[in-house]
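I have placed the structure first, in the form of structure tokens, so that the comments after it can refer back to it.
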Amino acid sequence: MEEFILLYPITTHSRVVLNLDGVWKFKVEEPVGSITAATPLQTTEVMAVPASFNDQTDNPQLREHNGYFWYETNFEVADLLKTQRLVLRFGSVTHEAWVYVNGTEVAHHKGGFTPFEAEVNDALVDGTNRLSVRLSNLLDYTTLPVGNFTETTDDAGNPQYSVDENFDFYNYAGIHRPVKLYSTPHDYIKDVTVVPDIDLAHQQATIHLTTEVGGTFDTVQVTILDEQHHPVAQGTGTDASLTIDNVHLWQPLNAYLYTAQITGLRDGQVVDTYEEPFGVRQIEVTNGQFKINGAPFYFKGFGKHEDTYVNGKGLNEAYNVLDIKLMKSMGANSFRTSHYPYSDEMMRLCDREGIVVIDETPAVGLMLNFNFDIENKMDGLNKDQTWSTLKTTAAHRQVIQEMIDRDKNHACVVMWSISNESAHYAPGAHDYFAPLFDLARQLDPQKRPCTYVAIMMTLPETDRCTDLVDVISLNRYYGWYLNNGDLSDVTKTVQDELEQWQAKYPDKPIIYTEYGADTIAGVHSPYNEPFSEEYQVDYYKQYSTAFDRVPHFVGEQVWNFADFQTKFGIQRVQGNKKGLFTRSREPKMVVHYLSERWNNIPNQGYKK
């Protein structure tokens, strides 16, 4: 069965990667239990992979269906690969998957935003192989994200499911990321862990490289290659420490990537080779500053979503490339993977482009009765029953492990976000979160700082968990969800609260991970009305004034990079419109204001 994902599949002298993406058969399992993997899927419906299924249909009932679905495709394996270890790998399937090869179950994985894989040699046959995936898009009080789940029966007694999202983005589902079949020798390199130890004064770094193997080798040889693929350090063993002199640092918006080349040998012959790109950089949180390579860093950027037309949450590398270019043109240097780990491909792109990433779990919706009525929620916080009602601990522990296992070597990842907008103000919150922070710190070999993203009800006087974080991350909507249309006191309100946090935790830096106002592109107002582009510009100006007055405020990530799809509701017209860009990446007026601001704030050395 499947195991936690370790290495990203690449082709080397000893490995071959086959892409199984394309157009697959598709069918809803209705009634539940009516389809099995024993026989080929009987359907004329098709769906593209990778992509969400929801926006690939003109059928509203199919788009909104909650329950079980099947995907199926055929593939063949070349004879020359049949003697190798063959692994089937899914980048992600949202939210639960049962995978069958020729009717035999080879993998089961719950959690829609992390990869999983399984060896499949024993299930393969000569000639055509049938790959079937049963998928569930159901969410409840045990899953991440959290969904409000109900079950009824129809007139025939068949179960009917309903999921109301307990979060503000659309519950897209499908085979969202690439499907690959890759080969390795039966003795193979299973995992590589890279931990740089940097001496900034002497421009030198010691790279600790730990290699886990499946099977046995006589020797494991380790070589570090520079960007020209020239060797700069060599060693042997599964636990090697190699020194790089005159080291090139990975810097925000100025990336430099080395490559760890790991080779397993037997009798002097190469058996397996793997290459892991990595950057050398130092992260430190101290005295109210977030430092990268010894210099104070200022986060400029976005909360974001994996969300595009037609693809939904499916991988779209063209949009990823464009998004990074638009960010860089604005002077932005960072984003948060709100509200789930993003694709391997995006993380590798950020390594290459020098984009700083806050890597977040899918722990969104961890509160009862999600809605936008912030003011009324402030009453009765001490009676909130979230932590006696939700049963998400097991899923939370799993996704922390899977996220860190996958992303531990990425230079772009500078901090882990354990959750977004949870009930950190409610009784029992600290008991729930403390073990999860302990787990993250235990698992991360690079010992990055940890945070959670605090909703508006988590204030200095209501907070129960901020002692757990290294960086205070705040989502705030003064002038939008509170006092909508009135920006007269926003600067003072923002500044006063930031100063309270700074006084309470004088050593912790503070960033805004969300702040924004819904804005309909093309709507203008001489009266600065909400939803107009003028209001969005003024909104951000008020916040900027407060940010610049607080010494330990070290970052502004706006909500959101681009408009995105949400569930239906009177608060949303075809989705959330807080984007600086439209969903098709057309800029709103505010882009010009923030571009001028951010391009004049240095990435490092600001607020020394």
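Nothing in this text is a laboratory measurement; each read-out follows from the coordinates by a stated rule. In this text the structure is predicted, and so the values were computed from the model without any measurement. A quick note on method: Cβ atoms are made from the backbone with ideal geometry, for glycine too, and the neighbour counts reach across all protein chains shown.
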Residues of region 404-442 with backbone N under 17 Å of the label point set 7 Å from the Cα of Gln500 along Cα→Cβ are 424-426
Under a Cβ-Cβ cut-off of 15 Å, what is the net charge of the residues other than Asp239 that fall near it, where Lys and Arg count +1 and Asp and Glu count -1? -2
Over 20 Å between alpha carbons, listed pairs Lys408/Lys447; Lys408/Lys504; Lys300/Lys325; Lys304/Lys588: Lys408/Lys504
Expressed in angstrom and rounded, the centroid-to-centroid distance over alpha carbons for region 141-208 and region 345-369 is 11
Starting from the amide H of Val413, placed 1.01 Å from N in the peptide plane, find each other amide H under 5 Å away whose residue is 5 or more places distant or on another chain. Val357
FRET efficiency (Leu265, Arg352; Cβ distance; R0 35 Å; to 0.05) is 0.70
Restricting to Cα pairs below 8 Å that are 6+ residues apart, what does the relative contact order work out to for region 188-278? Please round to a whole percent. 29
Taking 7 Å along the Cα-to-C-beta vector as the label spot, tell me the Asn528-Arg572 distance in nanometres, rounded to one decimal. 3.0
First measure r as the distance between the Cβ atoms of Thr43 and Arg397, then evaluate 1/(1 + (r/R0)^6) with R0 = 30 Å and state the FRET efficiency to the nearest 0.05. 0.20
Which Cys residues of the chain have no other Cys beta carbon under 4.7 Å away? Cys450, Cys465
Largest first and rounded to whole Å, the semi-axes √(5λ) derived from the alpha carbon gyration tensor of region 13-71 read 25, 16, 10
Collect residues whose amide H, placed 1.01 Å from N in the peptide plane, falls under 5 Å from the amide H of Ala454; neighbours closer than 5 in sequence don't count. Glu421, Ser473, Leu474, Asn475
From the phi angles alone, apply the Karplus equation (6.51, -1.76, 1.60; θ = phi - 60°) to region 17-22 and give each ³J(HN,Hα) in whole Hz, x where the residue is Gly or Pro. 10, 10, 8, 9, 5, x
How about region 216-309: which chymotrypsin sites (Phe, Trp or Tyr not before Pro) there lie in a loop by DSSP and see at most 13 other Cβ atoms within 10 Å? Tyr309
Along the dipole axis of the chain (charges at Cβ: +1 for Lys and Arg, -1 for Asp and Glu; origin at the Cα centre), the most positive-end residue among Val16, Leu498, Leu41 is Leu498
Karplus 3J(HN,Hα) series, Hz, for region 557-570 with 6.51 cos²θ - 1.76 cosθ + 1.60 (x for Gly, Pro): 10, 6, 10, 9, 4, 9, 3, 9, 6, 10, 5, 5, x, 5
Here the alpha-carbon Rg of region 188-278 over 2.2 N^0.38 Å rounds to 1.11
Taking the square root of 5 times each eigenvalue of the Cα gyration tensor, what semi-axes in Å does the equivalent ellipsoid of region 3-184 have, largest first? 30, 18, 14
Chymotrypsin sites (Phe, Trp or Tyr not before Pro) restricted to DSSP loop in region 28-69 with at most 13 other C-beta within 10 Å: none
Gap in Å between the Cα centre of region 491-550 and the Cα centre of region 388-411? 31
Restricting to Cα atoms and excluding each atom paired with itself, what does the Kirkwood estimate give for the chain in Å? 25.4
Give the aspartates and glutamates reachable from Lys25 as a straight Cα distance under 12 Å; neighbours fewer than 8 places away on the same chain don't count. Glu45, Glu72
Once the other residues with Cβ under 12 Å from the Cβ of Thr44 are scored (Lys, Arg +1; Asp, Glu -1), what is the net sum? +1
Cα-based reach from Lys82 at 21 Å (exclusive), listing lysines while leaving out same-chain residues under 8 positions away: Lys180, Lys190
If amide H atoms are built 1.01 Å from N in the plane of the peptide, which residues on other chains or at least 5 residues away come under 5 Å of the amide H of Gln251? Tyr256
Ordered by residue, what ³J(HN,Hα) values in Hz, to whole numbers, does region 529-535 give under the Karplus form 6.51 cos²θ - 1.76 cosθ + 1.60, where θ = phi - 60° and Gly and Pro are x? 6, x, 6, 8, 5, 5, 5
In region 219-261, whose amide N lies under 13 Å from the spot 7 Å out along Cα-to-Cβ of Gln204? List them in ranges. 242-247
Treat each spin label as a single point 7 Å out from the Cα along the C-beta direction, and report the Asn102 to His186 distance in nm. 1.8
So what is the relative contact order for the chain, in percent, with contacts set as C-alpha pairs under 8 Å and at least six apart? 13
Would you mind getting me the FRET efficiency between Asp79 and Asp122? Use the beta-carbon distance for r and R0 = 25 Å, nearest 0.05. 0.90
Here, Lys608 and Gln442, labelled 7 Å along Cα→Cβ, have an inter-label distance in nm of 4.2
Report relative contact order for region 173-233 in percent, whole number only (criteria: Cα-Cα under 8 Å, sequence separation at least 6). 27
